[in-house]
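Enquirer: Handing you a structure now.
The values are calculated or read from the model by the stated rules, or taken from the named source; none is laboratory data. Note that the structure is a prediction, hence the values are computed from the model and not measured. Ideal geometry is used to build each Cβ from the backbone, glycine not excepted, and the neighbour counts take in all protein chains shown.
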Amino acid sequence: MIDAYFIHLLILIGIYLILAISLQLSLGYSGLLNLGHIAFFGIGAYVSAILSLHGVSFLLSVLIAGLMSGLFGWLLSIPTNKLKGDYLAVTTLGFSFVAYAIFQNWTEVTRGSFGLPGIPRPNIFGVDFSENTSFLILVIIFVLISYFFIRRICNSQFGKVLEATRDDELAAKSLGKNTLKLKSISLAVSAFFAGVAGSLFASYITFIDPSSFTFLNLIPVLLIVIIGGLASLRGTILATIIIILLPEPLRFIGLPSSILGPARQIIFALMLILIIYFKPRGFFGRVDLE
Amino acid sequence: MTNIFLQLLINGIIAGAIYALVASGFSLIYSTNKFVHFAHGGVIVFSAYFLFWLFAKLGLNFYLSAVLTILFSSLLGYALNKIFYKPLRAKKSSSSILLVASIAILILLESLALLFFGADVKIINFIKNSQGLELFGAIITPLQIIIVLVSALLFFILFVFMEKSKIGKAMRAVADNKDLAEISGVSSEKIYNWSFIIGSAIAGCAAILIALEQNITPTMGTNLMIKGFTGAIIGGIGIVPGAILGSFLLGIIENFGIWFLPSAYKDAIAFILLFIFLLFRPQGILGIKNNPK
Amino acid sequence: MLKIENLTKKFGGISAVNNCSFEIEKGKITALIGPNGSGKTTIFNLISGILKPDQGKIFLDNQDITDYSVDRISNLGISRLFQQPRLFKNLTAKENLILAIDNEDTKLWKNIFGLNKIAETKQNAVQGILENVGISESKNKIANDLSFGQKRLAELARTILNPHKLLMLDEPVGGVNPKTKKGIAKFLLDLKKQKQTILLIEHDMPFTFFVADIIIVINAGYIIAQGPPREIKENKEVLEAYLGD
């Protein structure tokens with residue numbers, strides 16, 4: 001019993017880790033306060049779910065879902081290019097509202113509140129991943145690939161020029177850097193991986209509905225990135241484990257689920273406020289939140 | 001014979017009045033403090049539950065409950081500023097940080113409401129849902145008339161207050177140019193407090209009227225805040241009359257919008273308008289172009 | 001090399017720059033001087049592409065760059081030092097400088113596949129200039145942790161490493177101590193010996209008169225005098241407007 005539960009937690013940690021490091025790329029390294037990040041998670045989930053339900057193989061579904069999310073990330077970056085700080089935050093938040101409205105209302109495709117049930121577990125080259133244990137292995141592989149890819153970007157000179165754009169965009173431009181292109185790439189890659197995480201999520205839970213993709217669902221992810229520390233990938237790993245595991249003891253106290261839900265939100269909200277005030281650099285952050 | 005055009009217009013004005021109540025208090029706070037106080041929606045929903053608690057649970061007289069609710073909301077807004085925003089401002093936090101904090105506070109307030117009162121819908125049975133009156137082919141209920149009249153009155157009072165009173169003028173000075181205002185002897189800390197007190201008091205009024213007209217749910221704060229915020233952006237976020245204008249426009253556009261689109265898309269209209277304005281005209285209709293930081 | 005023609009820029013109702021024209025000669029140090037608010041930095045911002053003029057044109061080697069973007073103008077060969085410190089504060093001094101050398105860092109795939117290792121030539125160029133300005137011991141310090149003088153030197157080094165035909169320096173010795181000032185003056189004269197073209201804004205008159213070949217005087221958005229330092233020193237209008245006595 002405990003084993004199965006533990007595996008479930010590990011899978012969630014894996015999915016959230018991919019989601020968090022993708023946000024870290026755009027927020028921590030590029031300085032883009034993208035509060036609409038959850039929309040990319042949702043787009044990935046829905047695209048992958050719909051494709052899988054129509055018989056498209058898992059790997060292809062994930063790839064297409066990632067590319068679709070990435071495309072929207074890139075599209076979002078263009079009109080928001082000149083926006084900074086809270087204007088950017090609110091505009092990207094607005095984007096996530098629009099995405100949610102589409103998930104909710106485009107019922108011919110998404111079935112709205114009824115959601116999409118029966119999303120198949122992956123079957124890759126004949127290997128079936130219906131068992132959670134095997135699914136966990138799949139998640140671990142995706143986590144490793146995503147983590148190493150993003151880490152490669154962040155540690156390279158490209159990562160440095162992203163950080164330069166974050167620290168002083170005008171100075172970066174004055175050195176000849178095309179910051180519009182840089183920010184677009186950052187948002188696109190960030191969205192791509194959020195979409196991949198969404199695909200894994202859809203396949204794991206086998207059912208998705210719009211309620212998983214509201215801005216409320218971004219709070220734990222944002223919390224992870226801030227607590228782990230901006231521009232620190234290992235901070236993100238540690239923070240993901242803590243944030244996913246933290247509300248779990250509540251379950252064992254025997255609280256009814258009607259209390260569990262809001263209690264979890266309250267904990268996250270308070271943690272966010274406290275960390276912003278007391279330790280805005282989080283554990284391993286190299287950069288202040290601005 | 002139903003006059004659809006007039007009905008939609010009336011529905012639009014009623015919705016606009018509600019959004020304007022949300023937006024005006026919010027805009028007052030934004031113009032003075034220069035950050036997005038999303039938790040304003042939380043103040044509204046919490047106040048609505050407070051009214052419910054006083055009136056439906058404790059059985060107090062409605063008018064007394066209403067007055068207490070307004071006092072409560074002002075106090076709540078003031079407390080949020082003192083407890084959360086003031087310390088962050090003292091640390092020279094940017095408006096982005098204050099925005100993130102305010103979102104956290106909104107979630108905190110809504111979760112607390114959910115915890116104390118549960119997710120089921122609460123109803124305040126004060127004004128009987130009586131027969132609507134017919135007006136040139138459109139229907140409007142007495143409650144709806146009250147909402148429009150009360151909000152119009154509130155806006156008028158707000159206008160007079162901002163133009164004539166000492167605090168109102170000081171608030172406009174701080175909104176225009178904080179440093180200059182401080183040199184002239186205005187204590188910006190005091191003005192921040194007043195903006196939260198008055199803005200949240202308006203939120204309290206909004207909560208009362210909304211609670212009467214619609215049912216109370218824990219997540220209504222977020223929805224109202226988005227609508228009010230959209231209205232404020234459309235009209236000009238830093239300008240209180242702009243926020244009011246924009247909100248009425250939003251209400252009307254929403255209601256005419258569903259003449260053409262399925263009614264489920266009503267909320268989507270607001271989101272899309274918000275997004276478009278933020279991208280292409282962030283200063284709103286009445287605002288002056290000001291490079292966003 | 002650089003020519004501005006009838007440049008005008010208004011803010012609200014106020015003309016910050018009024019019908020200004022001048023030409024910068026290659027290989028010379030030209031200084032822009034004038035009282036605070038006279039339009040000097042605005043002219044710099046117009047040339048770099050940060051602002052667009054209401055009227056007038058800007059030519060770099062006869063190419064009309066008036067409407068070009070900031071990064072495009074930089075890549076055409078204009079390298080600028082800002083009046084306010086603009087180091088990438090969370091990166092080290094060395095990282096700040098490496099970014100200036102070329103734009104290979106903006107190529108995503110090249111960097112992912114490890115095809116953009118920082119070549120020895122780049123490392124040497126960075127090391128060289130760090131030593132030249134005297135801050136090589138601090139090269140691995142986070143830029144934000146450097147002293148003001150060190151920051152200014154690092155930013156100057158970064159501006160020079162950026163491939164350029166024209167250097168635009170806005171108050172290079174603003175707020176630095178006398179020793180650093182001397183160092184920067186010597187550095188600029190070395191650059192002149194290398195036949196570099198420099199356009200400079202400065203308030204420090206002795207410094208300016210010492211390094212500049214040509215001085216352009218601006219007051220209230222109008223150019224009121226242009227010429228070598230000895231002519232400007234004797235110009236009555238300039239003396240009244242700016243130099244005092």
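Enquirer: Looking at the structure I just gave you, is residue B:280 surrounded by fewer than 15 Cβ atoms within 10 Å (Cβ to Cβ), free of Cβ contacts under 8 Å to residues at least 60 places away in the same chain and of a type outside the set (Val, Ile, Thr)?
Expert: Numbers: surrounded by fewer than 15 Cβ atoms within 10 Å (Cβ to Cβ): yes; free of Cβ contacts under 8 Å to residues at least 60 places away in the same chain: yes; of a type outside the set (Val, Ile, Thr): yes.
Spelling it out, residue B:280 is indeed surrounded by fewer than 15 Cβ atoms within 10 Å (Cβ to Cβ), free of Cβ contacts under 8 Å to residues at least 60 places away in the same chain and of a type outside the set (Val, Ile, Thr).
Enquirer: Still on this structure: Check the range C:41-60 and report whether any residue there is farther than 22 Å from residue C:171 by Cβ and at the interface with chain A (Cβ under 10 Å from one of its Cβ atoms).
Expert: No, because not a single residue in the range C:41-60 is farther than 22 Å from residue C:171 by Cβ and at the interface with chain A (Cβ under 10 Å from one of its Cβ atoms).
Enquirer: Sticking with this one: Of the residues C:98, C:73, C:112, which single one is facing another protein chain (nearest Cβ under 10 Å) and surrounded by fewer than 16 Cβ atoms within 10 Å (Cβ to Cβ)? Give the steps one after another, and end with the answer.
Expert: Working: C:98 fails: surrounded by fewer than 16 Cβ atoms within 10 Å (Cβ to Cβ); C:73 fails: surrounded by fewer than 16 Cβ atoms within 10 Å (Cβ to Cβ).
Being facing another protein chain (nearest Cβ under 10 Å) and surrounded by fewer than 16 Cβ atoms within 10 Å (Cβ to Cβ) holds for just one of C:98, C:73, C:112, which is C:112.
Enquirer: Would the range B:224-231 turn up any residue that is in contact with a Phe, Trp or Tyr (Cβ under 8 Å, 6 or more places away or on another chain) and farther than 30 Å from residue A:261 by Cα? Show your work before the answer.
Expert: Just the residues of the range B:224-231 that are in contact with a Phe, Trp or Tyr (Cβ under 8 Å, 6 or more places away or on another chain), to begin with: B:224-231.
Restricting the remaining residues to those that are farther than 30 Å from residue A:261 by Cα gives B:231.
Checked against the condition, which is being in contact with a Phe, Trp or Tyr (Cβ under 8 Å, 6 or more places away or on another chain) and farther than 30 Å from residue A:261 by Cα, the range B:224-231 yields at least one hit.
Enquirer: Which members of the range C:194-218 meet the condition of being under 15 Å from the mean Cα position of the chain (by Cα) and part of a helix (DSSP H, G or I)?
Expert: C:208, C:211 - these are the residues of the range C:194-218 that are under 15 Å from the mean Cα position of the chain (by Cα) and part of a helix (DSSP H, G or I).
Enquirer: Do we have residue B:44 as within 18 Å of the chain's Cα centre (by Cα) and surrounded by fewer than 24 Cβ atoms within 10 Å (Cβ to Cβ) here? Talk me through it step by step, then tell me what you get.
Expert: Working: within 18 Å of the chain's Cα centre (by Cα): yes; surrounded by fewer than 24 Cβ atoms within 10 Å (Cβ to Cβ): no.
No.
Enquirer: Are there strands (runs of 3 or more DSSP E) fully within the range C:1-108 with at least 3 residues that are more than 25 Å from residue A:30 (Cβ to Cβ) and of a type in the set (Val, Ile, Thr)? List them. First the steps, then the outcome.
Expert: Values: elements: C:2-11, C:14-24, C:29-33, C:55-60, C:78-81.
In the range C:1-108, the matching strands (runs of 3 or more DSSP E) lie at C:14-24, C:29-33.
Enquirer: Only one residue in C:223, C:160, C:201 is farther than 30 Å from residue C:121 by Cβ and touching a Leu at 6+ places or on another chain (Cβ under 8 Å), so which one is that? Talk me through it step by step, then tell me what you get.
Expert: Details: C:223 fails: touching a Leu at 6+ places or on another chain (Cβ under 8 Å); C:160 fails: farther than 30 Å from residue C:121 by Cβ.
When all the criteria are applied, what remains is C:201.
Enquirer: State all residues of the range A:92-106 that are among the polar types (S, T, N, Q), facing chain B (nearest Cβ under 8 Å) and out of contact with any Phe, Trp or Tyr (no Cβ under 7 Å at 6 or more places or on another chain); if no residue qualifies, say none. Even if it seems obvious, please write down each step before you answer.
Expert: As a first pass, look at the range A:92-106 and keep what is among the polar types (S, T, N, Q): A:92, A:96, A:104-105.
Still in the list and also facing chain B (nearest Cβ under 8 Å): A:104-105.
Residue satisfying the conditions is A:104 alone.
Enquirer: Are any of the residues in the range A:201-215 among the aromatic types (Phe, Trp, Tyr), under 16 Å from residue A:22 (Cβ atoms) and touching a Gly at 6+ places or on another chain (Cβ under 6 Å)? Break it down stepwise before answering.
Expert: Start the filter on the range A:201-215 by keeping residues that are among the aromatic types (Phe, Trp, Tyr), which leaves A:201, A:204, A:207, A:213, A:215.
Filter once more, keeping what is under 16 Å from residue A:22 (Cβ atoms): A:201, A:213.
Those still in the list that are touching a Gly at 6+ places or on another chain (Cβ under 6 Å) too: A:213.
Yes - at least one qualifying residue is present in the range A:201-215.
Enquirer: Kindly provide the set of residues from the range C:91-121 that are modelled with pLDDT of 85 or more and of a type in the set (Lys, Arg), ordered by number.
Expert: C:94, C:107, listed by residue number.
Enquirer: Still on this model: Has the range C:136-144 got any residue that is of a type in the set (A, V, I, L, M, F, W, C) and surrounded by fewer than 19 Cβ atoms within 10 Å (Cβ to Cβ)?
Expert: At the first step, the residues of the range C:136-144 found to be of a type in the set (A, V, I, L, M, F, W, C) are C:142-143.
Okay, now just the ones that are also surrounded by fewer than 19 Cβ atoms within 10 Å (Cβ to Cβ), so C:142.
For the range C:136-144, residues of a type in the set (A, V, I, L, M, F, W, C) and surrounded by fewer than 19 Cβ atoms within 10 Å (Cβ to Cβ): present.
Enquirer: Please go through the range C:118-155 and pick out each residue that is assigned to a loop (DSSP other than H, G, I, E, B) and more than 9 Å from every other protein chain (Cβ to nearest Cβ).
Expert: Passing the criteria: C:119, C:134, C:135, C:139, C:140, C:141, C:146, C:147.
Enquirer: Restricting to the range B:221-231, and then to whatever is crowded, with 22+ Cβ neighbours inside 10 Å and out of contact with any Gly (no Cβ under 7 Å at 6 or more places or on another chain), can you tell me which residue is nearest to residue B:106 (Cα to Cα)?
Expert: Among them, the one singled out is B:226.
Enquirer: From the list B:54, B:64, B:58, exactly one residue is free of Cβ contacts under 8 Å to residues at least 60 places away in the same chain and farther than 13 Å from residue B:124 by Cα. Which is it? Write out each step before concluding.
Expert: Values: B:54 fails: farther than 13 Å from residue B:124 by Cα; B:58 fails: farther than 13 Å from residue B:124 by Cα.
None of the others qualify; the one that does is B:64.
Enquirer: Tell me, yes or no, whether the range B:100-123 has at least one residue that is more than 14 Å from chain A (Cβ to nearest Cβ) and of a type in the set (A, V, I, L, M).
Expert: From the range B:100-123, those more than 14 Å from chain A (Cβ to nearest Cβ) are B:121-123; that's our starting set.
After this cut, where a residue has to be of a type in the set (A, V, I, L, M) as well, the list is B:121, B:123.
Yes; the residues of the range B:100-123 include at least one that is more than 14 Å from chain A (Cβ to nearest Cβ) and of a type in the set (A, V, I, L, M).
Enquirer: Here is a further query. Could you list, in sequence order, all residues of the range A:64-90 that are away from chain B (no Cβ under 12 Å) and either without any contact (Cβ under 8 Å) to a residue 40 or more places away in the chain or not in a helix (DSSP H, G or I) (or both)?
Expert: Within the range A:64-90, A:64 is the sole residue that qualifies.
Enquirer: In the list B:237, B:191, which residue meets the criterion of being away from chain A (no Cβ under 14 Å) and crowded, with 22+ Cβ neighbours inside 10 Å?
Expert: B:191
Enquirer: What pairs come up if the first residue lies in the range A:206-221 and is within 15 Å of residue B:219 (Cβ to Cβ), the second is not in a helix (DSSP H, G or I), and their beta carbons are under 8 Å apart, counting only those six or more places apart or on different chains?
Expert: As it stands, the answer is A:210/A:115; A:215/A:35; A:215/A:36, since those pairs meet every condition given.
Enquirer: I'm told residue B:152 meets every condition in (1) more than 11 Å from chain A (Cβ to nearest Cβ); (2) small (Gly, Ala, Ser); (3) in a loop (DSSP other than H, G, I, E, B) except one. Can you identify the failing condition by its number?
Expert: Failed condition: (3).
Enquirer: Still on this structure, I have one more. Check C:153, C:188 and return the single one that is out of contact with any Lys or Arg (no Cβ under 9 Å at 6 or more places or on another chain), surrounded by 19 or more Cβ atoms within 10 Å (Cβ to Cβ) and farther than 21 Å from residue C:48 by Cβ.
Expert: On the way: C:188 fails: farther than 21 Å from residue C:48 by Cβ.
Every option except C:153 fails the conditions.
Enquirer: Within the range A:264-290, which residues are in a helix (DSSP H, G or I) and within 7 Å of another protein chain (Cβ to nearest Cβ)? Step through it out loud before you land on a result.
Expert: The initial filter retains those residues of the range A:264-290 that are in a helix (DSSP H, G or I), namely A:264-278.
Of everything in the range A:264-290, those that are in a helix (DSSP H, G or I) and within 7 Å of another protein chain (Cβ to nearest Cβ) turn out to be A:265, A:266, A:269, A:270, A:272, A:273, A:276, A:277.
Enquirer: Tally time: how many residues in the range C:4-38 are among the charged types (D, E, K, R), touching a residue at least 40 places away in the same chain (Cβ under 8 Å) and under 18 Å from residue C:196 (Cβ atoms)? Quick ask: steps written out before the conclusion?
Expert: First pass over the range C:4-38, keeping only residues among the charged types (D, E, K, R): C:5, C:9-10, C:23, C:25-26, C:28.
Filter once more, so that each one left must be touching a residue at least 40 places away in the same chain (Cβ under 8 Å): C:5, C:9-10, C:25-26, C:28.
Now restrict to residues that are under 18 Å from residue C:196 (Cβ atoms): C:25-26, C:28.
Looking only at that region, the number is 3.
Enquirer: Continuing with the same structure: Scan the range B:246-278 residue by residue and report those that are more than 15 Å from residue A:91 (Cβ to Cβ) and at the interface with another protein chain (Cβ under 7 Å from one of its Cβ atoms). Spell out the reasoning first.
Expert: The initial filter retains those residues of the range B:246-278 that are more than 15 Å from residue A:91 (Cβ to Cβ), namely B:246-269.
Correct list: B:264, B:265, B:267, B:268.
Enquirer: Taking the residues in the range B:87-99 that are in a helix (DSSP H, G or I) and facing chain A (nearest Cβ under 7 Å) as candidates, determine which candidate is surrounded by the fewest Cβ atoms within 10 Å (Cβ to Cβ).
Expert: If we filter the range B:87-99 for residues that are in a helix (DSSP H, G or I), which is where we start, we get B:87-90, B:95-99.
Of the ones still in play, those that are also facing chain A (nearest Cβ under 7 Å) are B:87-88, B:95-97, B:99.
Values: B:87: 12, B:88: 20, B:95: 20, B:96: 22, B:97: 23, B:99: 23.
Taking the candidates together, the pick is B:87.
Enquirer: Same structure again: Where residues in the range A:144-170 are over 30 Å from residue C:158 (Cα atoms) and surrounded by fewer than 20 Cβ atoms within 10 Å (Cβ to Cβ), which of them is nearest to the other protein chains (Cβ to nearest Cβ)? Spell out the reasoning first.
Expert: If we filter the range A:144-170 for residues that are over 30 Å from residue C:158 (Cα atoms), which is where we start, we get A:144-148.
If we keep only those that are surrounded by fewer than 20 Cβ atoms within 10 Å (Cβ to Cβ) too, we end up with A:144-145, A:147-148.
Working: A:144: 16, A:145: 13, A:147: 14, A:148: 10 Å.
The selected residue is A:148.
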